[in-house]
1. Check THR14 against each of (1) within 19 Å of PRO127 (Cα to Cα); (2) under 29 Å from the mean Cα position of the chain (by Cα); (3) not charged (D, E, K, R) and name the one condition it does not meet.
2. Could you count how many residues in the range 140-177 are of a type outside the set (Asp, Glu), without any contact (Cβ under 8 Å) to a residue 12 or more places away in the chain and part of a helix (DSSP H, G or I)?
3. Of everything in the range 39-56 that's out of contact with any helix residue (DSSP H, G or I) (no Cβ under 9 Å at 6 or more places or on another chain) and part of a helix (DSSP H, G or I), which residue is farthest from LYS93 (Cα to Cα)?
4. Within the range 21-63, work out how many residues are under 23 Å from VAL293 (Cα atoms) and free of Cβ contacts under 8 Å to residues at least 12 places away in the same chain.
5. Could you tell me whether any residue of the range 189-208 is buried (at least 16 other Cβ atoms within 10 Å of the Cβ), in contact with a strand residue (DSSP E or B) (Cβ under 7 Å, 6 or more places away or on another chain) and basic (Lys, Arg)?
6. Here are the criteria: (1) among the aliphatic types (A, V, I, L, M); (2) surrounded by fewer than 20 Cβ atoms within 10 Å (Cβ to Cβ); (3) under 18 Å from ARG310 (Cβ atoms). Tell me which single one ILE221 does not satisfy.
7. The conditions are (1) buried (at least 20 other Cβ atoms within 10 Å of the Cβ); (2) closer than 30 Å to ALA365 by Cβ, and GLU285 fails exactly one of them. Which is it?
8. Which of the residues belonging to the range 137-160 are at pLDDT 90 or above and among the small types (Gly, Ala, Ser)?
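The values are calculated or read from the model by the stated rules, or taken from the named source; none is laboratory data. All values derive from a computational prediction rather than experimental measurement. Cβ placement follows ideal geometry from the backbone for every residue including glycine, while neighbour counts extend to all protein chains displayed.
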Amino acid sequence: MYFLDIAPLTTGDTIITYASQLSHLVRFCSHQRLPFDNLTDAYIHDFSVYLQEEPSEIIPHELARNNNTIRTILGRVFLFLEWYQDNLTPLNKQLLIGEKKSSPKITVNYKLNRYNNKDYIEHSSMPPNVSTDPKRPIAQSIIENIELTIEKLSLIETQSDYSLRRYKNNIDVYKIELEYIRSRRRFMIWMMKRVGLRPSEMVEIDVVLHKNILLKKEILIPTKKRRRKTSPVRRFPITIRDAAIFKRYLTSRSKFIEAFPDKTKGSEALFLGNDGGNIKKTSLEKDFSRLAVLSGYQDIQTCFSMFRHRFITYEVIVHFKEFMKGTGKSRQLMTDMDYRSILKRVATKTGHGSVESLWHYIDWAWDELNVWGNIDRGLERLHAVDSLYEELLELQHDINNNEAAPPEQILDDIISKLQDIIMGGEILKSSQ
């Protein structure tokens, strides 16, 4: 009932987030055999301690969440308990939650956020805020190390003894599964780099609509974060080289389906799990977190949103170049109106409904340009690094999988593919 009541004011993804936050309270009360009506300040304090002390399932010797996350969970719990009190608690009973003057079981204070003029709830059990640095665009070195980890994990010799024993009589089938997992992970990283979409959008891309990707050269992205029953689709144009990368993944996906027809029957999801079913956004996020930890980044902030920050920052740089070339203006002469027009164009690619949340990318873009020296050098570096590294990893993978071929054939393949890479780089450079 609670979710039905708040559904008109939220998106589908927001409902899932709220459900996840409230699941902690449900588990706590279930373990304590405690109905919501019997919650008190003391129980809320115990609940807060439980949230603060729970260990991480992913990173050894780390906590599951920081203080800011705990405050968010508790805030959602208090809003739910207010709804519960208003809708499911008899009027003649002691108040479940409220301010001290009402003598409730759970005493809270209502405060005003001076930045957005919205009320929020404070409780004595809430841990203090922790100062966190804003998420910046993900570094190229981190991306490259994660991609190397993906390659390493796809090798048969790096698999656990348990997995090798399990597939002892079907090692070729196991190799097909490993190859698909590698392709899925590589494509996931490429999509985040190249398109900068939200993970929730990535898992809902329709495979059927992209069968002719080489001809149409566009990605159809369902835009989330909009309060609509049906996600509006935005069209993202790509190059023929991008389309070839997309097609390469679809080919790998098709081979996986052919190898496991029973468990993948009828699946039209872009990303498939090891069991052949549709993979969820949370599963992709957990998989990326594991890859980051295995790449040595357990102490460094790495998440999907940092890819989106990277993409948007570079899009702003691209539009800086176009605008400055077209108007002859320098940075010193650009106005807020100029920046707003640039951000509006960027928003059409990113799916933002308003440019107000994009303003900080202006500063990030100039910061990046200060490192590179000028726009042309920055864009050239961006495209060259992304494209070259992608192709070289594929070349290395093809060589590793072609050990049975004669040395002359392997050498010819290497020369041919290197020529393709070099020619592609020259075409890209000349088009800038």
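1. Condition not satisfied by THR14: (1).
2. The first filter runs over the range 140-177 and keeps only residues of a type outside the set (Asp, Glu), leaving 140-143, 145-146, 148-150, 152-156, 158-160, 162-171, 173-176.
Next, from what is left, pick out any that are without any contact (Cβ under 8 Å) to a residue 12 or more places away in the chain: 141, 152, 158, 160, 162-170.
Filter again for part of a helix (DSSP H, G or I), leaving 141, 152, 158, 162-166.
Residues flagged as of a type outside the set (Asp, Glu), without any contact (Cβ under 8 Å) to a residue 12 or more places away in the chain and part of a helix (DSSP H, G or I) within the range 140-177 amount to 8.
3. Top of the filtered list is GLU53.
4. Matching residues across the range 21-63 total 8.
5. no
6. Here ILE221 meets the rest and fails (2).
7. Unmet for GLU285, out of (1) buried (at least 20 other Cβ atoms within 10 Å of the Cβ); (2) closer than 30 Å to ALA365 by Cβ: (1).
8. Matches in the range 137-160: SER154 only.
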